[in-house]
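The values are calculated or read from the model by the stated rules, or taken from the named source; none is laboratory data. This is a predicted model, so every value here is computed, not measured. Cβ atoms come from the backbone with ideal geometry, glycine included; neighbour counts cover every protein chain shown.
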Amino acid sequence: MSKISWLTAFVPVVVQFVIFLRWLHRRMRNDEITRAFVRDIATNHLPHIYNALQKIAAQQGIELDDTPLVQFVDLNHRHKGKGN
């Protein structure tokens, strides 16, 4: 094979690989941002929401169960408690 035919076959493979790496990086970054957002909502905002809900229920005369604990599960299937 001539040098040009090798180059013709090699360039599209390299371009596809670079595009795949960019997509993979963006996908991993989006997942990281989503995890941080969900953790922030659970640790910072849910306690305030539950507190407001309990106050509203108390004004209405409704008795609520205890607020559930926030549990996180990582990829190694270990449970983490609230605030971790």
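If only one of A58, A42 is hydrophobic (A, V, I, L, M, F, W, C), without any contact (Cβ under 8 Å) to a residue 12 or more places away in the chain and either out of contact with any Ser or Thr (no Cβ under 6 Å at 6 or more places or on another chain) or part of a helix (DSSP H, G or I) (or both), which one is it? Break it down stepwise before answering.
Working: A42 fails: without any contact (Cβ under 8 Å) to a residue 12 or more places away in the chain.
Result of the check over A58, A42: A58.
Assess whether D66 counts as being out of contact with any Asp or Glu (no Cβ under 8 Å at 6 or more places or on another chain) and at pLDDT below 85.
Numbers: out of contact with any Asp or Glu (no Cβ under 8 Å at 6 or more places or on another chain): yes; at pLDDT below 85: yes.
So D66 passes the test.
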Problem set entry | The lone exception for T67 - which of (1) in a helix (DSSP H, G or I); (2) surrounded by 10 or more Cβ atoms within 10 Å (Cβ to Cβ); (3) under 28 Å from the mean Cα position of the chain (by Cα) it fails | (1)
